[in-house]
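Reviewing the structure listed below.
The values are calculated or read from the model by the stated rules, or taken from the named source; none is laboratory data. Only a predicted model underlies this, so the values are computations on that prediction, with no experimental measurement involved. Here the Cβ positions follow ideal geometry from the backbone for every residue, glycine too, while neighbour counts run over all protein chains shown.
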Amino acid sequence: MARRGRCTLPADAETPAALDGSTSSCAWGSDPDALVPGVYGPSHQPKLSRTDYVANSNNGPQYTNPEAPLTGLPGVYDIDPRLDQRPQLGLRMIAQRRDGTDGLGAPGFTEDTLRASMLGNRVLSAETGRYDVVDMCRAHPSLTATDGKKVDVWQACTTLAGWDTRADTTSRGAALWITFYAHLLDEGPPDTWRRVPYDPAQPLTTPRGINGDDVRVQRALASAVQDFAARDLPVDTELGAVQKWAGIPLPGCDVGCFDVVEAGPDSGTGTPPAGAFGTSFLMAVELTADGPRAHTLLTYGESANPASPHYADQTRLFSRKQWVTERFTQAEIAGDPALKVTTLHS
């Protein structure tokens, strides 16, 4: 830490962060057990072995398991211990599956409940903030948008109040929430409009909520309603009508979903295809006495050629929350109805 402070140059608009390269004392170090010079060796790398679970959702290693936080790591591994919404939701999903409070049955993971959890399409930003927004718009059914115009948000308020906070393809309210949240992020950093700011003593549950008294929150909802009107879309439009790949409705979102997806109504079409990003390859495996049980899903298909039958075949499965069943034993392989056997002779 002392070396980082000594060797980090002052940031400016053009160079947010830089290291002093004018002195050899700031050159890359090397651990005695480093596999190659200039990197940390295994002794300094984060590691954790558990018999209950370990988890990571594109976050630092500190809360790989919150019951055994990893501390004292080199800063390069854990510069910011705060958890974004996706890792917070992932840890919440694990905790609720372990105690059986997620509605998926008896406590504990099986391969079936693992798959159901993955594609449950929960939206943490809505689970912790939707009621704040609904209370706000019920109190203020007419709000001022970014352009200064008054907007009637009553129907939008009704839509959000009736939404189940899921980002399923048939969810009515998810598309509106995604648009609202995008405007809200444009209004300023989340810590400035959260109802409960980040608290290092509560890293798994903060920040949370949305401050409905903040004019920026009110402005964001009004602007979202304007967006729907400009596209001639009802505010309760199903998510799958505006989020697609090759015309196939997509679940998920990028505003607090575990199943991350960002796409438009024309993604995967045209020349070149309009882009999308998010969930790609999924695999759920359970090791049993009779061998592994596994299901996989390649959400964007096995071919980049739009003319191929495999361009979006698994996208259709993803849209319907269906999976590809993997086969490991000879009997399972022989029982595959699509099995083809080719014999090669030398």
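Values for this structure:
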quantity	calculated
Total residues in the stretch 21-71, condition part of a loop (DSSP other than H, G, I, E, B), more than 28 Å from L89 (Cα to Cα) and either touching a residue at least 40 places away in the same chain (Cβ under 8 Å) or not β-branched (V, I, T) (or both)	15
Qualifying helices (runs of 4 or more DSSP H) (wholly inside the stretch 107-222; at least 1 residues being more than 23 Å from the chain's Cα centre (by Cα) and of a type in the set (D, E, K, R))	130-139
Conditions (1) more than 23 Å from L185 (Cα to Cα); (2) of a type in the set (D, E, K, R); (3) touching a residue at least 12 places away in the same chain (Cβ under 8 Å): number failed by D254	(1)
Residue within the stretch 85-94 that is crowded, with 16+ Cβ neighbours inside 10 Å and β-branched (V, I, T) present	yes
Selection count where residues are out of contact with any Asp or Glu (no Cβ under 7 Å at 6 or more places or on another chain), farther than 23 Å from D259 by Cβ, of a type in the set (A, V, I, L, M) and surrounded by 15 or more Cβ atoms within 10 Å (Cβ to Cβ), scope the stretch 200-232	4
Qualifying position, being in contact with a helix residue (DSSP H, G or I) (Cβ under 9 Å, 6 or more places away or on another chain), aliphatic (A, V, I, L, M) and either closer than 20 Å to A161 by Cβ or surrounded by fewer than 18 Cβ atoms within 10 Å (Cβ to Cβ) (or both), among L298, L282, L287, L250	L298
Members of the stretch 99-119 that are without any contact (Cβ under 8 Å) to a residue 12 or more places away in the chain and either closer than 18 Å to V54 by Cβ or of a type in the set (D, E, K, R) (or both)	D99, G108, D112
Test: T128 is hydroxyl-bearing (S, T, Y), buried (at least 17 other Cβ atoms within 10 Å of the Cβ) and closer than 25 Å to Q202 by Cα	yes
Count - residues of the stretch 300-321 that are closer than 24 Å to S117 by Cα, modelled with pLDDT of 90 or more and small (G, A, S)	2
Residue match in the stretch 322-341 (condition: at pLDDT 95 or above, under 20 Å from the mean Cα position of the chain (by Cα), outside any loop (DSSP other than H, G, I, E, B) and of a type outside the set (S, T, Y))	no
Residue match in the stretch 20-38 (condition: touching a strand residue (DSSP E or B) at 6+ places or on another chain (Cβ under 8 Å), surrounded by 10 or more Cβ atoms within 10 Å (Cβ to Cβ) and either more than 30 Å from F180 (Cβ to Cβ) or of a type in the set (G, A, S) (or both))	yes
